[in-house]
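Working notes, beginning with the structure itself.
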Amino acid sequence: MAWMRDEFFQMPWLYEAIVGSVCTAAALLLTLRWLERRRCLADFRKARSCRETALGEMERAVSQLEESKRSGDSESILSLSLHELHEKLQSGFLTPDSVLHAYMNKALEVNKELNCLTDFLPDCQNQLQSFKEEKKGLLYGIPISIKDNIDCKGHDSTCGLRTFLNQPATKDSVIVQVLKKQGAIPFVKTNVPQSLLSYECSNPIFGQTVNPHNTKRTSGGSSGGEASLIAAGGSILGIGSDIGGSIRVPASFCGICGFKATGKRLSTIGFRASVPGQKAITAGIGPLARDVDSLAFCMKALLCEDLFRLDPTVPPIPFNDEVYSSSKPLRIGYYESDGYWLPSASMKRAVMETKQLLEQAGHKLIPFAPLKISYAMNELGLKGISADQANTILERIKGDIIDPRLKDLFYVHRIPVILKKILYFLMKPFNPRMADILRCLCGVGSISDLWKQHTAREAYCEEYISLWKSQNLDVLLCPALGPAFLAGIAGKLTVTASYKLIFNLLNFPAGVVPVGKVIEKDEDELKDYVGYYNDFWEKTFKKNVSDAIGLPIAVQCVALPWQDELCLRFMKEVERVTQKNRAI
Ligand SMILES: *[C@@H]1O[C@H](CO)[C@@H](O)[C@H](O)[C@H]1NC(C)=O
């Protein structure tokens, strides 16, 4: 060996050439990365300045309407429920101009603190003009906010990702078309997490949206801009999408109601999905609002002939008023913990107190043991959504800057499969849940494995429904994640998704209703929280949901597929029986 070394040093030109080219390559690579980063930041700056321009245009529209508006003062308009607003608009007591003016003004005002708006939809002004000739639809004159990933003609659906900047939608999504046909006025678009796959509503383009109840807390995600805006009074009705709690988590964090319909009950044409092509979990669409009646009213308006004509793949089932307004006592299954993620004290109390109140109201409550949640979450959910070894997601963040709050989410996907497998074996004895998650993130191997994966999911759904049927349940009451986490941490706590994600996997309609607030007793009890494994996640959760007295808490209401009206009726009942608790 010695002679080789000598030989080598006797050829300084070779040595220099090697060192030289390595250094040049490294420098070139660094320069390229630096340039890419600069281009990326320039794209973000441009997108932000477009937003400034749009919001400036919105301010001008507000002052124009200020001059022309004919009825109602803003304060009293903003205090009306959707139902009251609807009646006053139909009767002509209020004009759409004055209502839109009030909401645009309020949205701009709350946006300064919450950072929930990403775009203004100037088409709302044209709609005001065109109203004069048309007959009044169910949502006539109701301003409505739209989540970022839902196409509105001429505007970006960014998903908080660089790759989707500067690609304005060529037409309105079907839902937006139907809303307009019903007379609703989409007026703003709202913020989302980068890639939509987080409960932390933050992206490197538009920044972080915060919670109106406490701006140190997150609004939740991914429909976090919607929930924040509505809870703060800047919108009366919003449309979101939900692939693992994306409507329900922000609604419960912000203390409003949110409903995820059965997938395909509403049209997904013109919705940008985070992981298109995966069949493991079903995205649901639905409304967010301050009360359950508003959600039901929006569903009723959407489930119309126009929807069935514009998207023939949607089953033509109109809203069933009879089911929604029935007062027949219900058989309600309930659980306070799913065995995968130990709920916080307030999550549990919310369920148990609601259970009692429902019993007092004459309903029958039956304990329900949710079926194999660990298996469903990891083996079916996670493995299913990462079946492609997360290549779809990695493709979408290529050349993007990762939001510092979401680093954990993306970096875990970047770990090479082989390393994930090694980590799985090392971690298994200490933390089987964490280990299992790593294993499932490796995806499935072949197409036949993928088919087995789909078959296993179908079998699980069948088994779950049989269990439900064997207890003869109408609906299910269970925890809603909460209270709102401190801002910046939800990116580390994706594991808490089990309470919500399970109903995307099963494709059951599900919604959340606020039932009260965190009290001192919850805080005391939380001090003893160690979770199931006392691991990093559980410690993080405990610390970051503590100190939350006064923040809203909610419960989740669930029904079988296509029983959307029954689910809403149950939500309405929960809202009614908990009314006193909410007022405290
Ligand atoms: C939230 O969790 C993180 C991670 O465990 C921790 O560093 C931070 O201190 C927590 N926040 C509070 C207020 O305890």
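The values are calculated or read from the model by the stated rules, or taken from the named source; none is laboratory data. Owing to the predicted nature of the structure, the values given are computational and were not obtained by experimental measurement. Note that we place each Cβ from the backbone using ideal geometry, even for glycine, and neighbour counts take in every protein chain shown. Each accessible area value is taken on the protein alone, full model and side chains, heavy atoms only, with ligands, DNA and RNA left out. Shrake-Rupley method; radii C 1.70, N 1.55, O 1.52, S 1.80 Å.
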request  = Determine, for each peptide in 188-197, 382-391, 397-406, the mean count of other beta carbons within 10 angstrom over its residues, then list the peptides with the highest first.
outcome  = 188-197, 382-391, 397-406
note = With the 8 Å Cα cutoff and a minimum separation of six or more residues, the chain has a relative contact order in percent of 15 percent
note = Inter-part gap, Cα centre of the range 77-132 to Cα centre of the range 145-200, in whole angstrom, is 18 Å
ask   = Using the per-residue mean of other Cβ atoms lying within 10 Å as a proxy for protection, in what order, highest first, do the peptides 78-86, 558-566 fall?
value = 558-566, 78-86
Normalised convex hull volume, the range 488-584, alpha-carbon set, Å³ per residue = 118 Å³
task = Please work out the average accessible area per residue across the chain, using the 1.4 Å probe convention, and give it in Å².
result = 42 Å²
message = Computing the accessible area with a 1.4 Å probe over protein heavy atoms, can you report the carbon and sulfur percentage for the range 30-319?
response = 51 percent
task = Please list the non-local residues whose amide H lies under 5 Å from the amide H of Ser173, H modeled 1.01 Å from N, same-chain partners needing a gap of 5 or more.
result = Asp151, Cys152, Lys153
query = If packing is taken as the mean number of other Cβ atoms within 10 Å per residue, what is the order of 572-581, 332-341, 237-246, highest first?
reply = 237-246, 332-341, 572-581
ask   = Helices from the chain with mean Kyte-Doolittle at least -1.0 and a Cα length along the axis of 30 Å or more, per DSSP H: which?
value = 12-68, 447-470
query = Among the listed pairs Lys372/Lys500; Lys181/Lys279; Lys112/Lys348; Lys398/Lys420, which are separated by more than 24 Å between their Cα atoms?
reply = Lys181/Lys279; Lys112/Lys348
message = Need one number for the chain: average projected area of the convex hull over its C-alpha atoms, nm².
response = 31.0 nm²
remark   = Hydrodynamic calc, the range 30-319: Kirkwood Rh from Cα pairs, then Stokes-Einstein at 20 °C with viscosity 1.002 mPa s, so D in µm² s⁻¹ is 114 µm²/s
note = Amide H proximity to Gly240 below 5 Å, modelled H, separation 5+ or other chain, gives Gly286, Leu288
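Once you have a ≥ b ≥ c as the square roots of the Cα gyration tensor eigenvalues for the range 142-255, tell me rounded if a/c is under 1.5, and otherwise prolate or oblate according to whether a/b is larger than b/c.
In terms of gyration-tensor shape, oblate.
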message = 5 Å is the cut-off here: which amide hydrogens, built 1.01 Å from N in the peptide plane, fall below it relative to Gln194, excluding neighbours closer than 5 in sequence?
response = Ser202, Asn203
